[in-house]
Amino acid sequence: AEDGIRDRSPSRGLGDVYKRQLEVSEIGLGANSFGEPGRRDRAEAADIIHAAIDHGINFIDTSNVYAQGVSEQYIGDALKGRRGEMLIGTKFGSMRRQGPNNFGGSRKFIMRSVEESLQRLQTDYIDVYMIHRPDPRMPMEETLRALDDLVKQGKILYTAGCNFESWRFVDGFWTSKANNLVSFSASQFAYSMMARSAESEMIPACRALGVAVIPYLPLAAGLLSGKISGDGLPPAGTRLAIEQQSSERWITPQNLKIVSLLDNWANERGHSVLELAFAWLLAEPIVSTVIAGASSSEQIRQNASAAEWKITSEERQEVTAILDANPPENAGPYYSTAGYFYEPTADPPKP
């Protein structure tokens, strides 16, 4: 790749965002589709990862449950000989197999999960190890002490919390501080122009703590991609075409009207609604990297190029006013909970 290409996705700080402890590209690559039936196979995943590197994207986001671990395997294969060019963020906590000690935040589960992830990723360290969702059955201090030990062992470099309620995230942050343990470097949650519930508590909390924000679902599962037809039909093979629940949630007359308003606003300034979706998020200084999936190297190019549009705070407020006047439907909470943390499951999770 030409040197100029690698400059397309500027970096921001993750960790103490005011000190830029770890520099991550403004656009990150989401790998939840890698290995899923009918989605990205091994060769496609490798092409997408290599294209991301070539376009300056240096952070990939996965989990040990994505495709039951196959996502991590594909990433490990693709990064052979190129590990130093990509920061890896992966997660633990959700269930991969039935039985006791097979999910959650216990020391036993964490210590086994990290070794399995390291093996699948074919690496000896993970850049950002994330709690996929909090485990209310477990004392937070136990989870944090296990993570602190892994940092001391060099197996992980930074930690983060995903899908946390704001009070639980702040409690975890100060539990680590009170016990002189490694504290969260980032909070990851659903955040987009169509899903803004995090603005009431989580984002202000992250500002106060100096913790980076990592939004996922920045395009509202593809609603803000600009590819949904006027009658609400998503392109074949896309998430909204495959996942009926996501389609029913996002594709409504009200939401299509909002997308049209946003698209018109962006078009008047020579841009697309997809570019606006990224620009609006990145205009929030606490945002470090925006996690976006991709189905091809061309989509990687589009996502990376979207970071080039810098809107002003006044323009962001103008767009936000449009959203305030036209509230999206089915936005939901910014965090995700798992029912099996509260009561045992009768059946293993579906692959």
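For the reader, a short list of remarks on this structure follows.
- Candidate set: region 192-201, residues that are hydroxyl-bearing (Ser, Thr, Tyr) and under 18 Å from the mean Cα position of the chain (by Cα); chosen: the one farthest from residue 21 (Cα to Cα): 197
- Here region 202-252 is the region considered, the condition is being on the phi > 0 side of the Ramachandran plot and open to solvent by less than 50 Å² (accessible area, probe 1.4 Å), and the residue that is nearest to the chain's Cα centre (by Cα) is 217.
- Only a single criterion out of (1) surrounded by fewer than 19 Cβ atoms within 10 Å (Cβ to Cβ); (2) in contact (Cβ under 8 Å) with a residue 60 or more places away in the chain; (3) in contact with a strand residue (DSSP E or B) (Cβ under 7 Å, 6 or more places away or on another chain) is not satisfied by residue 163, namely (1).
- Filtered residues of region 253-280 (kept if surrounded by fewer than 21 Cβ atoms within 10 Å (Cβ to Cβ) and among the hydrophobic types (A, V, I, L, M, F, W, C)): 256, 261, 265
- Any hit, region 300-316, residues being assigned to a helix (DSSP H, G or I), farther than 22 Å from residue 331 by Cα and of a type in the set (Val, Ile, Thr): yes
- Subset tally (residues that are touching a residue at least 12 places away in the same chain (Cβ under 8 Å), out of contact with any Asp or Glu (no Cβ under 7 Å at 6 or more places or on another chain) and either closer than 17 Å to residue 222 by Cα or among the hydrophobic types (A, V, I, L, M, F, W, C) (or both)) for region 274-298: 16
- Residue list for region 177-201, filter: among the polar types (S, T, N, Q) and surrounded by 18 or more Cβ atoms within 10 Å (Cβ to Cβ): 183, 185, 187, 188, 192
- Test: residue in region 325-332 that is over 30 Å from residue 55 (Cα atoms), open to solvent by less than 60 Å² (accessible area, probe 1.4 Å) and modelled with pLDDT under 95: yes
- Residues in region 76-122 that are closer than 17 Å to residue 53 by Cα and of a type in the set (D, E, K, R): 77, 80, 82, 83, 85.
The values are calculated or read from the model by the stated rules, or taken from the named source; none is laboratory data. Computed from a predicted structure; not experimentally measured. Positions of Cβ are backbone-derived with ideal geometry, glycine not excepted, and every protein chain shown enters the neighbour counts. Heavy atoms of the whole protein, side chains included, go into the accessibility calculation; ligands, DNA and RNA do not. Shrake-Rupley method; radii C 1.70, N 1.55, O 1.52, S 1.80 Å.
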